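The values are calculated or read from the model by the stated rules, or taken from the named source; none is laboratory data. What you see is a predicted model; the values in this text were computed from it and never measured. Heads up, the Cβs are rebuilt from the backbone with ideal geometry, glycines too, and the neighbour counts pull from every protein chain shown. Calculation scope for accessible area: heavy atoms of the full protein, side chains included, ligands and nucleic acids excluded. Shrake-Rupley method; radii C 1.70, N 1.55, O 1.52, S 1.80 Å.
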Amino acid sequence: MGLKEILEHHIVDHIWSWVNLGPLRLPISKHLLMMGIASFILLVFLPLLIRSRSKALAPFRSIIEIIVLFLRDEVVHPNLGHKGDGYMGYFSTLFFFILTLHLIGLVPFGATATGNLAVTAGLALTTFALINFAGIREQGVIGYFSHIVPKGVPGWLYPLLFPIELIGMLTKAFALCIRLFANMIAGHIVILAFISFIFIFGSLSAIVGFGVAPISVGLVLFTLLLELFVAFLQAYVFVFLTAIFTGAAMHPH
């Protein structure tokens, strides 16, 4: 199997079958399975963990509490203000969903669904919907759209700036989509590249291949540890940027 086939095997989504729901034709794929597993963990396992009174699970409950309090005090409240409490459910769900997708992607035979552009686009669309919903809820429809163009702009520039600002709103969501996708797919490509060094040099000489193997394996292990850190970091960054954009829509001044 060549490097191209190896990369495609680990990065490209694998569609196993199709389900026809009226006019819709939906795929059953590996990334869809990963999202199903992540959803099951959040909907079933996480509530059971939180409600559990087991002392053995107390450290895990403490970790979840620390993360939620951090999101509330350091991400949501500074950007959305006191009204951010009403949106904590969304931000917490968004963080843990993205984090779970990242972590199960590190499990053998798993796949990182956030390395699929369609998945990150779906997450970005939910952010886009939240931004506009929060802005309209806070300011009203007329007030929200009247603040898209900053005040003080000459009237003759308004028709030009209004569509530019609308495109800017779409660009924010698009940037979130591409940023998460690129960061998650990059780590997998680096790991596969390090592994491929063994076979590339091994094709020249078995001795050279065995000599390169420990170095490649060491680099892979280091990258995997880095990927574990990136899993938390990218979930945080996505939620943090969502909070910034939502707060800007709610408080235009």
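Against the condition open to solvent by 50 Å² or more (accessible area, probe 1.4 Å), over 30 Å from Gly247 (Cβ atoms) and part of a helix (DSSP H, G or I), how does Leu33 come out, does it pass?
yes
Kindly evaluate Ala111 against the criterion of being in a helix (DSSP H, G or I) and open to solvent by less than 10 Å² (accessible area, probe 1.4 Å).
no
Suppose we filter Ile41, Ile66, Ile98 for residues that are at pLDDT 90 or above, open to solvent by 80 Å² or more (accessible area, probe 1.4 Å) and either more than 18 Å from Ala235 (Cβ to Cβ) or under 21 Å from the mean Cα position of the chain (by Cα) (or both); which single one remains?
From the options Ile41, Ile66, Ile98, the qualifying one is Ile66.
What is the number of the single condition among (1) of a type in the set (A, V, I, L, M); (2) more than 19 Å from the chain's Cα centre (by Cα); (3) closer than 19 Å to Phe181 by Cα that Val107 does not meet?
(2)
Would you check which residues across segment 128-143 are closer than 15 Å to Ala173 by Cα and β-branched (Val, Ile, Thr) and list them?
The one that is closer than 15 Å to Ala173 by Cα and β-branched (Val, Ile, Thr): Ile131.
Given (1) open to solvent by 60 Å² or more (accessible area, probe 1.4 Å); (2) touching a helix residue (DSSP H, G or I) at 6+ places or on another chain (Cβ under 8 Å); (3) modelled with pLDDT of 80 or more; (4) of a type in the set (A, V, I, L, M), identify the lone condition not met by Leu180.
(1)
Could you say whether any residue in segment 234-244 is out of contact with any helix residue (DSSP H, G or I) (no Cβ under 6 Å at 6 or more places or on another chain) and surrounded by fewer than 16 Cβ atoms within 10 Å (Cβ to Cβ)?
No, there is no match, as no residue in segment 234-244 is out of contact with any helix residue (DSSP H, G or I) (no Cβ under 6 Å at 6 or more places or on another chain) and surrounded by fewer than 16 Cβ atoms within 10 Å (Cβ to Cβ).
Enumerate the pairs (first residue in segment 37-54 and under 24 Å from Leu106 (Cα atoms); second residue anywhere and assigned to a loop (DSSP other than H, G, I, E, B)) with beta-carbon separation below 8 Å, excluding pairs fewer than 6 apart on the same chain, so at least 6 apart or on different chains.
That search, which allows pairs on different chains as well, returns Leu49/Leu57.
Just to be sure I understand the filter: pairs with C-beta atoms under 9 Å, separated by 6 or more residues or on different chains, first member in segment 83-94 and farther than 10 Å from Ala134 by Cβ and surrounded by fewer than 16 Cβ atoms within 10 Å (Cβ to Cβ), second member charged (D, E, K, R) and at pLDDT below 90. Which pairs pass?
So the pair list comes out empty.
Starting from segment 236-252, keep only residues that are over 14 Å from Ile98 (Cβ atoms) and assigned to a helix (DSSP H, G or I), then list their pairs with residues that are at pLDDT below 90 and open to solvent by 60 Å² or more (accessible area, probe 1.4 Å) whose Cβ atoms are within a distance under 6 Å, requiring at least 6 positions of separation or different chains.
Between residues of segment 236-252 that are over 14 Å from Ile98 (Cβ atoms) and assigned to a helix (DSSP H, G or I) and residues that are at pLDDT below 90 and open to solvent by 60 Å² or more (accessible area, probe 1.4 Å), the close pairs are Phe245/Lys172; Met250/Glu138.
Can we say His77 is buried (at least 16 other Cβ atoms within 10 Å of the Cβ) and either under 30 Å from Ile50 (Cα atoms) or in contact (Cβ under 8 Å) with a residue 40 or more places away in the chain (or both)?
yes
Is it the case that Leu192 is among the aliphatic types (A, V, I, L, M), in a helix (DSSP H, G or I) and open to solvent by 60 Å² or more (accessible area, probe 1.4 Å)?
So Leu192 does not fit the description; no.
Can you name the number of the only condition in (1) more than 18 Å from the chain's Cα centre (by Cα); (2) surrounded by 13 or more Cβ atoms within 10 Å (Cβ to Cβ) that Arg51 fails?
The number of the failed condition is (2).
Applying the selection to segment 114-149, what residues are part of a loop (DSSP other than H, G, I, E, B) and without any contact (Cβ under 8 Å) to a residue 24 or more places away in the chain?
Answer for segment 114-149, where residues must be part of a loop (DSSP other than H, G, I, E, B) and without any contact (Cβ under 8 Å) to a residue 24 or more places away in the chain: Gly140, Ile148, Val149.
Kindly establish whether Ala186 is small (Gly, Ala, Ser) and within 30 Å of Gly84 (Cβ to Cβ).
It is false that Ala186 is small (Gly, Ala, Ser) and within 30 Å of Gly84 (Cβ to Cβ).
If you check Val230 against the conditions, is it in a helix (DSSP H, G or I), among the aliphatic types (A, V, I, L, M) and surrounded by 16 or more Cβ atoms within 10 Å (Cβ to Cβ)?
yes
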